Protein chains: 2
Amino acid sequence: MFKGLSAFPLTPLVGGEVDEKSFLALIENLAGAGVDSIGALGSTGSYAYLTREQRFHTTQQAVSAAAGIPVITSIGSVSAEEVLRLAEDAQKAGVSGVLLAPVSYQPLTHDEVFSLYERVSRELSVPLCIYDNVATTRFEFTDELLIALSRLNAIGSIKLGDLPADRDAARERVRRLKARVSDGVTIGISGDAQSAAGLIAGCDVWYSVLGGLFPHYALRLTEAALRQDESETHELDVVLAPLWAYYRRHGSLRVIATVAEILGVVSMPCLPFPLQTLSGKERDALQQTLESLHFLA
Amino acid sequence: MFKGLSAFPLTPLVGGEVDEKSFLALIENLAGAGVDSIGALGSTGSYAYLTREQRFHTTQQAVSAAAGIPVITSIGSVSAEEVLRLAEDAQKAGVSGVLLAPVSYQPLTHDEVFSLYERVSRELSVPLCIYDNVATTRFEFTDELLIALSRLNAIGSIKLGDLPADRDAARERVRRLKARVSDGVTIGISGDAQSAAGLIAGCDVWYSVLGGLFPHYALRLTEAALRQDESETHELDVVLAPLWAYYRRHGSLRVIATVAEILGVVSMPCLPFPLQTLSGKERDALQQTLESLHFLA
């Protein structure tokens, strides 16, 4: 399941409540395109801002609208007690896998992170993807820790954060990880701007923000990269550079949410307060960039 | 209220539930010592790991056990909707003030942080202390933002994070802040290791982890520093250097929680899973250090 294109849709909000109609349309768009899995309520899906009830209900809806495509959901929370409750909820909601970032308030030690995954792993009957996202968790995984964690029963995949920018160094890191993690654990790449490079470097799956809104294009890019067609991959990726520049400035969530607002597939504002989509000149400029990327839709 | 010694006690946990008996004994110790205020459910009080119900109930208990000493509580949460609910709860529980750090999952922009405090400020009838804690929030306040926020109606104090290590630079920063923040807004220092220096530099209040367990000693230090007795302040502070070295290595929470376990005032383990107190040789060494600091108790 943790392979190919895993598409992460927004969870559009209106006044703190999930805009179910828009959310379901996003899921149906992904199901129609035939993505490999749907990461409902990932970081892009604002999981961390929703109540337990909202997370349960929205995950159920995603599973139902996904028409058989595996749904993954995040079970992260500052409180480990809550993580365990969310793990139970996710399984009841019918997910095929869960995603867990080491979210915390106090910065965690490596031992603490290991014991968190170990405890959660014991409660799961679906596979878990380890979510390495230093921007939101401030926790820096080492490869040694990832490899140790991969031996826990429930672990099915690792969603890598930063890869080395150097192409050979990236390939070498992925090669060494794949050689040392437990059998069957896939290696995924996140951070759209580095994902083409990550797949070319040997990653098995793209955990994709772009794919949550533009699954057809993201599938083409994923397929080209997975068959190691470097020239087509480069061609499909390089034209997106202007979008990645916005990501770097504002974070991928604010950018993809603004794009969704511009396209009219979600209402505005769609992010959980106080997060803001782009406004004024920045928004106008993004709209122009988007026009030059008309092939995405 | 936001002046002198504000003491931050632990919220000891047993199996995820608040150990009420130990918690109340900690509060009574602070009330008996006559601290200026009690920061119940601060970072040291593990607020971020507790449910809304636990926070409400524990805050009520703190107010009741504080015997008239003002109680401050944290209303921080990843979700701003939850922050608003917690603000209401805290006021119902009878607090005299609230503390708010810009907790988030996605790193926040300055505009977003401003709009968060502005919205929360509108809902409050008790004063709010802005909590600058980059280690837990990753948000870096500028002095310009702090000054702009100080003009919001509800703001009563600013709990500073890092001060310049250079003595003159620290004094100059505090002087400029005090000259520019709204009238009546006090400037406080946190981070025990720099607190003596912060008070000597002109801060009005010590938001103190040490004071949550050792209020008598922390009061002596606070009083010496507030009357600008540099020599006595230095004498009282310098002997604590070994303790600050543990703070730097493990974070103040793990250290003060270990100290409380060693003293037997809380059960072990007292922190929310997966946070761990010190163990093995590190714990033995801290116990020895503590013996040399017998004057604290």
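Overview of results
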| item | result |
| --- | --- |
| Average other protein chain Cβ within 10 Å of Cβ, residues A:216-222 | 0 |
| For the stretch B:166-177, Karplus couplings with θ = phi - 60° (6.51, -1.76, 1.60), whole Hz, Gly/Pro x | 5, 4, 5, 5, 5, 4, 5, 5, 5, 4, 5, 4 |
| Interface area, A with B, accessible, probe 1.4 Å, both sides summed, Å² nearest 100 | 3100 |
| Whole-percent carbon and sulfur share, accessible surface of the stretch B:81-219, 1.4 Å | 47 |
| Rule-of-thumb Rg ratio for the stretch B:133-272 [Cα; 2.2 N^0.38 Å; N residues] | 1.10 |
| Assigned charges on the beta-carbon of Lys, Arg, Asp, Glu; the protein assembly as shown dipole about Cα centre (debye) | 40 |
| Surface/4 of the Cα convex hull for the stretch B:74-169, nm² | 6.3 |
| Translational diffusion coefficient (Stokes-Einstein; Kirkwood radius from C-alpha pairs) of the protein assembly as shown at 10 °C, 1.306 mPa s, in µm²/s | 63 |
| Simple spin-label estimate for A:Glu232 and A:Gln287 in nanometres, 7 Å along Cα-Cβ | 3.6 |
| Pairs of lysines in the protein assembly as shown (C-alpha under 24 Å apart; 8 or more residues apart or interchain) | 12 |
| Span from the the stretch B:172-222 Cα centroid across to the the stretch A:150-229 one, whole angstrom | 48 |
| Fraction of alpha-carbon pairs over 27 Å apart in the stretch B:4-140 - percent | 16 |
| Solvent exposure of the protein assembly as shown as accessible area per residue, Å², 1.4 Å probe | 39 |
| For the stretch B:272-281, 3J(HN,Hα) per residue [Karplus equation, 6.51 cos²θ - 1.76 cosθ + 1.60, θ = phi - 60°, Hz, x = Gly/Pro] | x, 4, x, 5, 10, 6, 5, 9, x, 4 |
| Label point 7 Å beyond Cα along the C-beta direction, distances from B:His294 to other copies (nm, shortest first) | 8.4 |
| Within the stretch B:200-219, backbone nitrogen closer than 20 Å to the virtual label 7 Å beyond the Cα of B:Lys3 toward Cβ | B:200-208, B:218-219 |
| Rg over Rh, two decimals, chain B (C-alpha only, Kirkwood Rh) | 0.94 |
| For the stretch A:19-163, size of Cβ-based charge dipole, Lys and Arg +1, Asp and Glu -1, in debye | 280 |
| Antiparallel bridges, percent of DSSP beta bridges restricted to chain B (to nearest 5) | 5 |
| Other copies of B:Ala169: label-to-label distances in nm, shortest first, labels 7 Å along the beta-carbon direction | 2.9 |
| 3J(HN,Hα) from dihedral phi, the stretch A:90-95, Karplus parametrisation 6.51/-1.76/1.60, rounded to Hz, x for glycine, proline | 4, 5, 4, 6, x, 6 |
| Stokes-Einstein diffusion coefficient of the stretch A:59-106, Kirkwood radius over Cα pairs, 25 °C, 0.890 mPa s, in µm²/s | 221 |
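The values are calculated or read from the model by the stated rules, or taken from the named source; none is laboratory data. Since the structure is predicted, the reported quantities are computational estimates derived from the model, not experimental observations. Virtual Cβ from ideal backbone geometry, glycine too; neighbours counted across all protein chains shown. Please note that ligands, DNA and RNA were not included when accessible areas were found on the heavy atoms of the full protein model with its side chains. Shrake-Rupley method; radii C 1.70, N 1.55, O 1.52, S 1.80 Å.
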